[in-house]
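Trainee: Quick one: this structure, given as structure tokens, is what I'll be asking you about.
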Amino acid sequence: MTTNGNDAISADPDFVAEPVLRPRQQVEKQLRDAILMGRLQQGHRLPNESKLAEQLSVSRATVREALRALAESGLITKLPGASGGSFVKYVDHHSLSGLIAERLTSTLELGSIGRAEVTAYRGLLEPAIAGLAAQHRSDEQLAVLQETVAEPPERDAPDAVHAERDAEFRSALAEATGNRLLSATLSATYRAAPPLRDVELGARRVKRLADERVAVATAVAARNARAATAAMQRYLRAAPERPSAGASRR
């Protein structure tokens, strides 16, 4: 480093300053890092607020704020009562999906995001998802996908039953890509906004949907990405995400 006539220090160009964290952020970061690096395992009970405050040399209020942030991000859960406390949650793409679904459900209820936006998001991704599944699926993932098309519900089954099978099929397809982020985000949208919820299907459309699901699964089994993509595009055209008359449009 060099100094000028005013004794100002010129920083080394390789030096990168890091922001100084507030106490709450430091506590949150330390606990978050311990969870993500496995030093705090699933189900581990954290010390109580007083003990953590003493160990970290901060106030109980600072610890409480940090724990609240960790709970909101899905890394810990707080249970009441004498046997309660703060416990480390299992962190994987399935728990991420649950967290996203929870937040997305609230956002849809508030109207900050509309169902049409969710539909458009899925419509852009799902044909590509089918192609990726054909390229990357494992034998186990294929078996799960094939289970969702093996015995379709009866045509006269309630629409809710067909909607549930539709979500199972799409979730299995996303899982078969091997991309856990895609699987987590798409599965979350299926849970928060089921694609065929409140849609009047009819026997003819139910039959077409069942046939197209089989076509997608067959192409995935054959590792034919182009055929899988095309079959998924047909499936989406056969499965409109438009609410029936008088149904909730949330």
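The values are calculated or read from the model by the stated rules, or taken from the named source; none is laboratory data. Because the structure is predicted, anything quoted here is derived from the model rather than measured. Quick reminder, even Gly has a Cβ in these numbers, built from the backbone with ideal geometry, and neighbours come from all protein chains shown.
Trainee: Out of Glu65, Glu109, Glu72, report the one residue that is more than 30 Å from Arg204 (Cα to Cα), loosely packed, with under 13 Cβ neighbours inside 10 Å and touching a residue at least 40 places away in the same chain (Cβ under 8 Å).
Mentor: Testing whether each residue is more than 30 Å from Arg204 (Cα to Cα), loosely packed, with under 13 Cβ neighbours inside 10 Å and touching a residue at least 40 places away in the same chain (Cβ under 8 Å) leaves just Glu109.
Trainee: Collect the residues in the range 154-165 that are crowded, with 17+ Cβ neighbours inside 10 Å and in contact with a helix residue (DSSP H, G or I) (Cβ under 7 Å, 6 or more places away or on another chain), keeping them in residue-number order.
Mentor: His162, Arg165 - these are the residues of the range 154-165 that are crowded, with 17+ Cβ neighbours inside 10 Å and in contact with a helix residue (DSSP H, G or I) (Cβ under 7 Å, 6 or more places away or on another chain).
Trainee: Then there's this: Check whether at least one residue in the range 187-195 is more than 27 Å from Ala116 (Cβ to Cβ) and aliphatic (A, V, I, L, M), and report yes or no.
Mentor: No, the conditions are met nowhere in the range 187-195.
Trainee: List the residue pairs whose Cβ atoms are under 6 Å apart, where the first residue sits in the range 149-162 and is within 17 Å of Asp211 (Cβ to Cβ), the second is surrounded by 14 or more Cβ atoms within 10 Å (Cβ to Cβ) and polar (S, T, N, Q), and the two are 6 or more positions apart or on different chains.
Mentor: none
Trainee: Checking Arg191 against (1) among the basic types (Lys, Arg); (2) under 15 Å from Gly98 (Cα atoms); (3) assigned to a loop (DSSP other than H, G, I, E, B): exactly one of these is not met. Which one?
Mentor: Only one criterion in (1) among the basic types (Lys, Arg); (2) under 15 Å from Gly98 (Cα atoms); (3) assigned to a loop (DSSP other than H, G, I, E, B) is unmet by Arg191, namely (3).
Trainee: Can Ala101 be described as in a helix (DSSP H, G or I) and surrounded by fewer than 15 Cβ atoms within 10 Å (Cβ to Cβ)?
Mentor: On the way: in a helix (DSSP H, G or I): yes; surrounded by fewer than 15 Cβ atoms within 10 Å (Cβ to Cβ): no.
Criteria not met by Ala101.
Trainee: May I ask you to list the residues in the range 117-158 that are modelled with pLDDT under 90 and part of a loop (DSSP other than H, G, I, E, B)?
Mentor: Glu151, Pro152, Pro153, Glu154, Arg155, Asp156, Ala157, Pro158
Trainee: Still on this structure: Taking into account only those residues within the range 38-62 that are hydroxyl-bearing (Ser, Thr, Tyr) and assigned to a helix (DSSP H, G or I), which is surrounded by the most Cβ atoms within 10 Å (Cβ to Cβ)?
Mentor: Of the residues in the range 38-62, the ones hydroxyl-bearing (Ser, Thr, Tyr) are 50, 57, 59, 62.
Filter again for assigned to a helix (DSSP H, G or I), leaving 50, 62.
Values: Ser50: 10, Thr62: 21.
Among them, the one singled out is Thr62.
Trainee: For residues in the range 63-97 being among the hydrophobic types (A, V, I, L, M, F, W, C) and part of a loop (DSSP other than H, G, I, E, B), which is modelled with the highest pLDDT?
Mentor: Leu75
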